[in-house]
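Worksheet: the structure to be examined is printed underneath.
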Amino acid sequence: MGRFATTVQYYARYREPYPKAFFAQVAAQFGMTGEEELIDVGCGPASLAIGFAPFVAECTGVDPESGMIAAAQSAARQAGIRLKLIQARVEELPETTGTFDVAVIGRALHWMQPGPALRVVERLVKKDGAVAICGSSVAGSPVNPWAEPYDEIRRRWSLENDERRYRMNLDSWFAASRFHLADQVTVNERHELSIDDLIGRAYSRSTTSPAVIGDRRAAFEAEITAAVKPFAQNGVLQEEIRAHAMILREKDPQVRL
Ligand SMILES: C[S@@+](CC[C@H](N)C(=O)[O-])C[C@H]1O[C@@H](n2cnc3c(N)ncnc32)[C@H](O)[C@@H]1O
């Protein structure tokens, strides 16, 4: 069973979303013309591919987990978007996969093997193409006073108490490549959510997935509820999320390593 297998049913619904405005701003920053071919690497339920679909000509998603591929297929069908899907680890993609104007990678780079994955990403992206490393998470904002107690519980129950994996250094990941960090886009958005939404979000993470929590679910959910309830009004919490994209473009050939 894959690491994300039991997160699938929670992922698309509860994970911090990418706001609509995020896709429009990244597309504008890229100068997308609607003719691009885009590949979403580590696509999960393909929130990125589906969000960027109106701005490009064709989208492909890649993910090694069969449950995520099925979720991507059904989300694309629901959104009325044609999405080509490949079940594979990026490191294993064959030469025949083709090339793309844009590769997007959302909340997935830290699962990939830096050297082998980088070689494939370099091969996948056309000359003068670009890569966007994306994410969406709870913003450090006074709107989210529940986030600290919630994260404390999540970390305490986590499969890994070391979250260093999630702190990526993009400059070193891409140092030996033809890409360099050229632009950044950040979009904040506020919305309401419920305590059940936060419980579902915890199950969407591989570190506190239903498989990890096992038969302790009632205790886990009771702890989350007790910690965030004081911040809810009539069961409703406020949330501000921050979606970001780090855009990597071709280095000037004069300064390539
Ligand atoms: C946290 S999810 C991110 C999903 C989505 N991209 C997003 O932004 O929400 C990470 C995904 O990366 C996939 N993944 C893990 N290792 C991978 C690899 N070596 N190559 C491609 N995808 C991988 C997992 O199966 C999982 O679906």
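Within segment 21-47, being of a type in the set (Val, Ile, Thr) and either surrounded by fewer than 17 Cβ atoms within 10 Å (Cβ to Cβ) or touching an Asp or Glu at 6+ places or on another chain (Cβ under 8 Å) (or both) holds for one residue alone: Thr33. Note on segment 164-174: residues that are exposed (fewer than 12 other Cβ atoms within 10 Å of the Cβ) and either under 27 Å from Tyr150 (Cβ atoms) or within 17 Å of the chain's Cα centre (by Cα) (or both) amount to 4. Residue count for segment 208-236, restricted to those that are touching a helix residue (DSSP H, G or I) at 6+ places or on another chain (Cβ under 6 Å) and farther than 25 Å from Gly2 by Cα: 5. Residues in segment 48-70 that are of a type outside the set (Phe, Trp, Tyr), buried (at least 23 other Cβ atoms within 10 Å of the Cβ) and in contact (Cβ under 8 Å) with a residue 40 or more places away in the chain: Leu48, Ala49, Met68. Glu148 fulfils the conditions (1) in a strand (DSSP E or B); (2) away from the ligand (no atom under 11 Å from the Cβ) except for a single criterion, (1).
When Ala130 is tested against (1) at pLDDT 95 or above; (2) part of a helix (DSSP H, G or I); (3) within 18 Å of the chain's Cα centre (by Cα), exactly one condition is not met: (2). All but one of (1) more than 22 Å from Leu248 (Cα to Cα); (2) open to solvent by 30 Å² or more (accessible area, probe 1.4 Å); (3) more than 12 Å from the ligand (Cβ to nearest atom) hold for Thr99; state the number of the condition that does not hold. Evaluating Thr99 over (1) more than 22 Å from Leu248 (Cα to Cα); (2) open to solvent by 30 Å² or more (accessible area, probe 1.4 Å); (3) more than 12 Å from the ligand (Cβ to nearest atom) leaves (1) as the failure. So is Ser136 surrounded by 20 or more Cβ atoms within 10 Å (Cβ to Cβ), within 16 Å of the ligand (Cβ to nearest atom) and among the hydroxyl-bearing types (Ser, Thr, Tyr) or not? In short, yes. Of all the residues in segment 175-219, those that are open to solvent by 30 Å² or more (accessible area, probe 1.4 Å), within 19 Å of the chain's Cα centre (by Cα), under 22 Å from Phe231 (Cβ atoms) and among the charged types (D, E, K, R) number 4.
Does Val143 count as β-branched (Val, Ile, Thr), out of contact with any Pro (no Cβ under 8 Å at 6 or more places or on another chain) and buried (at least 20 other Cβ atoms within 10 Å of the Cβ)? No: the conditions fail for Val143. The residues on offer are Arg154, Arg119, Arg107, and the sole one that is charged (D, E, K, R), within 13 Å of the ligand (Cβ to nearest atom) and either open to solvent by less than 40 Å² (accessible area, probe 1.4 Å) or within 22 Å of Arg242 (Cα to Cα) (or both) is Arg107. Restricting the search to strands (runs of 3 or more DSSP E) fully inside segment 1-93 and requiring at least 2 residues that are near the ligand (Cβ under 9 Å from one of its atoms) and farther than 27 Å from Arg217 by Cα gives 37-41, 58-63.
The values are calculated or read from the model by the stated rules, or taken from the named source; none is laboratory data. Computed from a predicted model, the values in this text were never measured in an experiment. Positions of Cβ are generated from backbone atoms using ideal geometry, with glycine treated the same way; all protein chains shown enter the neighbour counts. The area values use the complete protein model at the heavy-atom level, side chains included, leaving out ligands, DNA and RNA. Shrake-Rupley method; radii C 1.70, N 1.55, O 1.52, S 1.80 Å.
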